[in-house]
Amino acid sequence: MFEDDGYALETLAVRAGQVRSEEGEHSEALYLTSSYVFPSAAEAAARFSGETSGNVYSRYTNPTVRMFEQRIAALEGGEAAVATASGMAAILSICMALLKSGDRVICSRSVFGTTTALFGRYMEKFGVRVSYVDLTDMDAWRQAVDGSTKLLFMETPSNPLCEVADISALAEIAHSAGAQLVVDNCFCTPALQRPLALGADIVVHSATKFLDGQGRALGGVAVGRKEVMDELVVFLRTAGPSMSPFNAWIFLKGLETLKLRMQAHCTNALDLAWWLDEQEMVERVNYTGLPKHPQHRLARAQQDAFGAVLSFTVRGGRVGAWKVIDNCRILSCTANLGDAKSTIVHPATTTHGRLSEEDKSRAGITENLIRISVGLENAEDLKRDLMRGLSQL
């Protein structure tokens, strides 16, 4: 296959996974169909039973979605991928396919608030036990695992504090307990970090973010060994949290420019982080590209660059944070990230607003914390925009 020939990521992002029809189209074809016509009743029966391969129903077999799956699998260095309707649907599919009542998940406290809600409100309701540990505390991870542990789940860098975990070390901990390590690679993408190469078992993305890159469509994807992804396909076929073909086509177009976009995002973010760190109204900047970040060296070793997301705390608590946000004219006040347009948000009342005050405190989500996903605008314009709010403090 094309992805087996040792091509660079930039080439795979443009070429991997594409299968041309007899029309000879150069761009990926968009197959907007719910079902498929079989040449005979016998062939229909064979496809439904799995005896022969081929398209059956677009809930779980669609050529455009398959092209996206094969391309992101090639970029991540995985055997297979399963695309879903959203990033949260990808995480849900992993849980439903691989966990049962009595199993245990060890999860970092530094994850997206909705991920915590999925584990705590729903998976625990069906008998899956979930324990939370500090992302960077390897001893805590080791002490937490037991014989019933099936999954270790974490984001690195984390949302929104930009903490970094040692993926190789966590993979060893998971495998020594007979568990699998799941890494949310949304912030870095395979352009900056490839967790499977570092020992992780499954990589999960909200394709809505940087894989698209322009805030156009919802989608998610999980990547890993084929035998594991096959289990997710069974859940997808049954429950139907499917990616639409149109969205898959958009993500294919996004992947073509992924490497270039991530390089530009990272350059802007590093520039903005240094500038914020110099402002007297800013108390602390969380960005792995700053040498004083506690995991700066680990990030340099594990990532090709430091990513596009940063957070910082300001004087004045929630009132001060809201002043900064409300006075911005360029940065968009929205909880989405990974867009060409820079976004700014108050995590304590939005992305992590459903957490209890105790959980927010444990996760470091303070009232004066602001998160920025740095886009592709001119960095000097972004600085001037933020200064409109910072000057009010």
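The values are calculated or read from the model by the stated rules, or taken from the named source; none is laboratory data. Note that the structure is a prediction, hence the values are computed from the model and not measured. Backbone-built Cβ (ideal geometry, glycine too); neighbour counts: all protein chains shown. The protein model used for the area step is the full one, side chains on, heavy atoms only, and it has no ligands, DNA or RNA in it. Shrake-Rupley method; radii C 1.70, N 1.55, O 1.52, S 1.80 Å.
Right, ILE250: in contact with a Cys (Cβ under 9 Å, 6 or more places away or on another chain), of a type in the set (Val, Ile, Thr) and assigned to a helix (DSSP H, G or I) or not? Here the answer is no, as ILE250 does not meet what is asked.
When the residues of region 307-343 are filtered to those that are within 21 Å of the chain's Cα centre (by Cα) and free of Cβ contacts under 8 Å to residues at least 40 places away in the same chain, the one that is surrounded by the most Cβ atoms within 10 Å (Cβ to Cβ) is THR343. Residues that are within 22 Å of GLU357 (Cβ to Cβ) and open to solvent by 40 Å² or more (accessible area, probe 1.4 Å) within region 115-126 comprise ARG121, TYR122, GLU124, listed in sequence order. In this structure, ALA46 does not satisfy being more than 27 Å from ALA179 (Cα to Cα), outside any helix (DSSP H, G or I) and open to solvent by less than 30 Å² (accessible area, probe 1.4 Å). Filtered by the rule that a residue be assigned to a helix (DSSP H, G or I) and either among the hydrophobic types (A, V, I, L, M, F, W, C) or crowded, with 19+ Cβ neighbours inside 10 Å (or both), region 214-243 gives VAL228, MET229, LEU232, VAL233, VAL234, PHE235, LEU236, ALA239. I'd like to check something: does region 32-41 contain any residue that is assigned to a helix (DSSP H, G or I) and open to solvent by less than 40 Å² (accessible area, probe 1.4 Å)? No: region 32-41 contains no residue that is assigned to a helix (DSSP H, G or I) and open to solvent by less than 40 Å² (accessible area, probe 1.4 Å).
A count restricted to region 68-84 and to residues that are open to solvent by 40 Å² or more (accessible area, probe 1.4 Å) and either touching a strand residue (DSSP E or B) at 6+ places or on another chain (Cβ under 8 Å) or closer than 19 Å to SER244 by Cβ (or both) stands at 2.
On the stretch given as region 20-31, residues that are under 16 Å from ASN62 (Cα atoms) and open to solvent by less than 50 Å² (accessible area, probe 1.4 Å) total 3. Scanning region 86-111 for residues that are farther than 13 Å from VAL182 by Cβ, among the hydrophobic types (A, V, I, L, M, F, W, C) and either open to solvent by 20 Å² or more (accessible area, probe 1.4 Å) or not in a helix (DSSP H, G or I) (or both) yields MET88, MET96.
In region 263-270, the condition of being part of a strand (DSSP E or B) and either closer than 24 Å to ASP212 by Cα or within 22 Å of the chain's Cα centre (by Cα) (or both) is met by no residue.
Out of ARG129, ARG142, ARG109, ARG194, one residue alone is over 24 Å from GLU69 (Cβ atoms), charged (D, E, K, R), touching a helix residue (DSSP H, G or I) at 6+ places or on another chain (Cβ under 7 Å) and at pLDDT 95 or above. It is ARG142. Taking region 367-392 as the range and being open to solvent by 20 Å² or more (accessible area, probe 1.4 Å) and at pLDDT 95 or above as the test, the residues that pass are GLU367, ASN368, LEU376, GLU377, ASN378, GLU380, ASP381, LYS383, ARG384, MET387, ARG388, SER391.
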